[in-house]
1. Only one of these conditions is not met by Y38: (1) under 17 Å from L132 (Cβ atoms); (2) of a type in the set (S, T, Y); (3) touching a Gly at 6+ places or on another chain (Cβ under 7 Å). Which number is it?
2. Can you tell me which of Y22, Y38 is under 18 Å from V138 (Cβ atoms) and surrounded by 12 or more Cβ atoms within 10 Å (Cβ to Cβ)?
3. Can you say whether S104 is free of Cβ contacts under 8 Å to residues at least 40 places away in the same chain, in contact with an Asp or Glu (Cβ under 7 Å, 6 or more places away or on another chain), within 15 Å of the ligand (Cβ to nearest atom) and more than 16 Å from T4 (Cβ to Cβ), as far as the supplied structure shows?
4. Would you say I55 is crowded, with 16+ Cβ neighbours inside 10 Å, part of a helix (DSSP H, G or I) and either acidic (D, E) or more than 16 Å from the ligand (Cβ to nearest atom) (or both)?
5. Of these, I99, I90, which one is over 20 Å from G26 (Cβ atoms) and either at pLDDT 95 or above or surrounded by 20 or more Cβ atoms within 10 Å (Cβ to Cβ) (or both)?
Amino acid sequence: MNITIINGPNLNLLGIREPGIYGNEGFESFLTRLRNKYSDITIEYFQSNHEGDIIDKLHEAGFGKTDGIVLNAGAYTHTSLAIADAIAAINTPVIEVHISNVHSREEIRHRSMISGVCRGVIAGFGLDSYRLAIEAFVK
Ligand code: DQA
């Protein structure tokens with residue numbers, strides 16, 4: 001099984017960025033633990049701060065190259081019709097994830113442009129949200 005994790009803007013700063021909300025662990029060390037735990041799954045990882053690059057990655061991964069996409073689109077979640085269109089256009093199922101519980105935060109974070117075109121949404125479990133998304137694909 002192949003899973004692609006795509007992280008959007010500012011998620012390269014995990015571990016440094018607002019640790020009270022996003023925790024103290026950087027994504028690379030979390031990813032090492034995740035890969036060790038799911039050693040029979042190939043987990044590809046891509047991060048970009050640029051909307052178009054995220055769309056290009058969805059297109060690249062979304063037509064048979066991978067079995068499932070775990071997407072944390074960061075703030076683009078709340079703004080990007082273009083990313084929503086890309087998810088709708090591809091064949092591979094996408095699970096939307098968030099580290100924080102976006103529904104307990106500012107009102108602007110309550111709206112997601114992408115939830116409706118995703119297979120499901122996991123939010124609020126810290127970095128474990130990504131693992132839960134992988135579990136959903138495994139099942
Ligand atoms: C986030 C929540 C978004 O509102 C925010 O813009 C992020 C991270 C999360 O993982 O909790 O960058 O997607």
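The values are calculated or read from the model by the stated rules, or taken from the named source; none is laboratory data. Keep in mind it's a predicted model, so treat the numbers as computed, not measured. Reconstructed Cβ throughout: ideal geometry from the backbone, glycine too, with neighbour counts over all protein chains shown.
1. Failing condition for Y38: (3).
2. From the options Y22, Y38, the qualifying one is Y38.
3. no
4. It is true that I55 is crowded, with 16+ Cβ neighbours inside 10 Å, part of a helix (DSSP H, G or I) and either acidic (D, E) or more than 16 Å from the ligand (Cβ to nearest atom) (or both).
5. Working: I99 fails: over 20 Å from G26 (Cβ atoms).
The unique qualifying residue is I90.
Okay, residues lined up against (1) away from the ligand (no atom under 11 Å from the Cβ); (2) in a helix (DSSP H, G or I); (3) on the phi > 0 side of the Ramachandran plot:
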position: N12; (1), (2), (3): no, yes, no
position: I16; (1), (2), (3): yes, no, no
position: Y45; (1), (2), (3): yes, no, no
position: E60; (1), (2), (3): yes, yes, no
position: K65; (1), (2), (3): yes, no, no
position: I69; (1), (2), (3): yes, no, no
position: T77; (1), (2), (3): no, yes, no
